[in-house]
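**Student:** Got a structure for you, questions after.
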Amino acid sequence: MFEGKYVTAAMSISCQLNWACNFFVGLFFPYINKSLGAYSFGPFAIVLLLTFMFAWIYLPETQGTTPAELQAEMVKKNAGRSYHNMDIEGMTSHAPPSQDEWEQALAALEDEKVGLNISQSLSSNK
């Protein structure tokens, strides 16, 4: 569903959020269990129900759709909205970088690395 360049960041954020939530559940469950007794799983059931309702109402069905179709649907749905000065409509024409663009970016990084090495060697000779 996500482009490859966003998968690692999304997985990292979701993993950190999962660990944080698990920490707080483990931290507060003894107190919840003490005060609610046999009904201590009630708050978790309510959160689960709200999450299910959110997914059912707001998230689109993605089975049988390609990422391009899903992206076009989301662009159509969010047309006219502005997210931190991002052009939502222009994102459909955004293609992944070509081989030439990758080579130019790598060459720029190498030039920057060489420039850093030269400046470090000049400062160490003083």
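The values are calculated or read from the model by the stated rules, or taken from the named source; none is laboratory data. This is a predicted model, so every value here is computed, not measured. Cβ atoms come from the backbone with ideal geometry, glycine included; neighbour counts cover every protein chain shown. Surface accessibility is based on the protein's heavy atoms, side chains included, excluding ligands, DNA and RNA. Shrake-Rupley method; radii C 1.70, N 1.55, O 1.52, S 1.80 Å.
**Student:** Taking θ = phi - 60°, what integer Hz values does the Karplus form 6.51 cos²θ - 1.76 cosθ + 1.60 yield along the range 64-69, in sequence order, with x for Gly and Pro?
**Tutor:** Listing the rounded values in order: x, 10, 7, x, 5, 5 Hz.
**Student:** Test of the criteria: in the range 3-86, which GluC sites (Glu not before Pro) are in a DSSP loop and have at most 14 other Cβ atoms within 10 angstrom of their Cβ?
**Tutor:** Sites meeting the loop and neighbour criteria: Glu3, Glu61.
**Student:** I'd like the accessible area for Val47: 1.4 Å probe, protein heavy atoms, all chains in place, Å² to the nearest 10.
**Tutor:** Using a 1.4 Å probe on the heavy atoms, I get roughly 90 Å².
**Student:** Please list Tyr6, Tyr58, Tyr39 in order of solvent-accessible area, largest first, computed with a 1.4 Å probe with all protein chains present.
**Tutor:** Most to least solvent-accessible, the answer reads Tyr39, Tyr58, Tyr6.
**Student:** Another question, then. If ligands, DNA and RNA are left out, what is the accessible area of Lys5 with a 1.4 Å probe, given in Å² to the nearest 10?
**Tutor:** 110 Å²
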